[in-house]
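The values are calculated or read from the model by the stated rules, or taken from the named source; none is laboratory data. A quick note: this is a predicted structure, and the numbers were derived from the prediction, not measured. Cβ coordinates were reconstructed from backbone atoms using ideal geometry, including for glycine residues, and neighbour counts include every protein chain displayed.
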Amino acid sequence: MPIPTELVGSLPRPMQLQDAYAAYDEGRITFDELKAEQDTAAEESIKRLEETGETMVTDGEQRESSFATYPITDTLAGTGLADNLAGDGQYFAIFDDGHHRQLPRLTGGPFRYKTFASEFVEKNKAIASKPVKQAVISPSMMMLLYPLEDEIEGYSREQFLDDVCDEVEKDIRQCFAAGAERVSIDFTEGRLANKNDSRNPWTGKDMLQDFIDLNNRVLDRFSPEERKNIGIHTCPGGDCDSVHSKEVPYEQLLTKMFQLNAGYFLIQCASEDDREKVYKLCGENSRDDANGVAQVCFMGVINPLSPEVETAEHVRDELVTAAKYIPVERLGATDDCGFSPFSRDVKPKHGSPDFARDIAMQKIAARIEGARMASEQLGV
Ligand SMILES: [Zn+2]
């Protein structure tokens, strides 16, 4: 079988859509008008992805406030926040360029999603002529909505985590029921968990094992056959062309991450200085039997934060090197991250989000052609 490829999920939102989000937050347009702009951008994203030769398409998360907050708020400014949440939660991340992203704060129970990702899958299935995938958020990210130290009166941490697991399971099952072929879980907080950034207290609490155990509580509710198509995405962040945890030694995550009983992993690698070390770590730590499913390592061969377009030959050479360490039947190709996980992102290194969309399509085409060339060279 040729080396499979898969995108993480997001694409930059056109400037017109980003302006519409702002106009909605300011009360200048209605939710229906915002939705019309989302639908236009989603349809264009799917059509353009299909033109690149991408085997599985998404709407580029055009309808989502962000990869992490789509279930609980309509916009990043907090318009349309779900019940029992306030806007002033802990920082999810502080990025290298100094900007930060903040999560809402849970104020009481029960915790419930207001939007499930299957809503997007249903709409995308009606547009796409190719199979559809969907990214969903992890239980471990949702865990950060609960205050770090204090207990909420009348709603214990245990009760909350039970509810989180139920909501995430439902999110994944509904995506499959709506026709998604694959569902990948975004786990960008994995590497960040070892950052020890004093400005962001949760990153100093050694939470990685708790994250893994919580995520496995959900994964273990699925059969091996289902988990074949449930993935995990890891990265050091990717927002406004900046990262949040690239300085955290990757082995701290990669020696533990494959404990997750997922069938495949979308692993940032292209932006690493020592990529061969990453291939080796993935080869050594990924499992050919994770409770009944072989773990496929989709290695990042494209850097969505850089406007420089990788060549197909470069992608080919990276995958051929990766195959020295990872059995080729468990090797795939992906991008280091979504191209724009948050809805408001002007892609500063690219000059504009519209230009960044053009670049993203060129990069995706290079990944697909490079994977084809590597498959040929490796005889698979
Ligand atoms: Zn990412």
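Points to keep in mind about this one:
- Among the conditions (1) touching a His at 6+ places or on another chain (Cβ under 6 Å); (2) closer than 20 Å to TYR325 by Cα, the only one that ASP273 does not satisfy is (1).
- Residue match in segment 96-103 (condition: at pLDDT below 95 and either part of a helix (DSSP H, G or I) or buried (at least 21 other Cβ atoms within 10 Å of the Cβ) (or both)): no
- Counting only strands (runs of 3 or more DSSP E) that fall entirely inside segment 203-315 and contain at least 3 residues that are more than 16 Å from the ligand (Cβ to nearest atom) and in contact (Cβ under 8 Å) with a residue 24 or more places away in the chain, no element qualifies.
- Some residue of segment 328-343 being more than 16 Å from the chain's Cα centre (by Cα) and farther than 25 Å from ARG182 by Cα: no
- Whichever residue in segment 45-79 is small (Gly, Ala, Ser) and modelled with pLDDT of 95 or more and, among such residues, is surrounded by the fewest Cβ atoms within 10 Å (Cβ to Cβ): GLY53
- Residue in segment 316-342 that is surrounded by the fewest Cβ atoms within 10 Å (Cβ to Cβ), counting only those that are outside any helix (DSSP H, G or I) and more than 15 Å from the ligand (Cβ to nearest atom): LYS324
- Residues within segment 146-193 that are assigned to a loop (DSSP other than H, G, I, E, B) and either surrounded by fewer than 24 Cβ atoms within 10 Å (Cβ to Cβ) or within 16 Å of the ligand (Cβ to nearest atom) (or both), tallied: 15
- Condition broken by ALA93, with the remaining ones in (1) hydrophobic (A, V, I, L, M, F, W, C); (2) assigned to a loop (DSSP other than H, G, I, E, B); (3) within 16 Å of the ligand (Cβ to nearest atom) satisfied: (2)
- Within segment 1-16, being buried (at least 22 other Cβ atoms within 10 Å of the Cβ) and either touching a helix residue (DSSP H, G or I) at 6+ places or on another chain (Cβ under 7 Å) or not in a loop (DSSP other than H, G, I, E, B) (or both) holds for ILE3, THR5, LEU7, LEU11, PRO12, ARG13.
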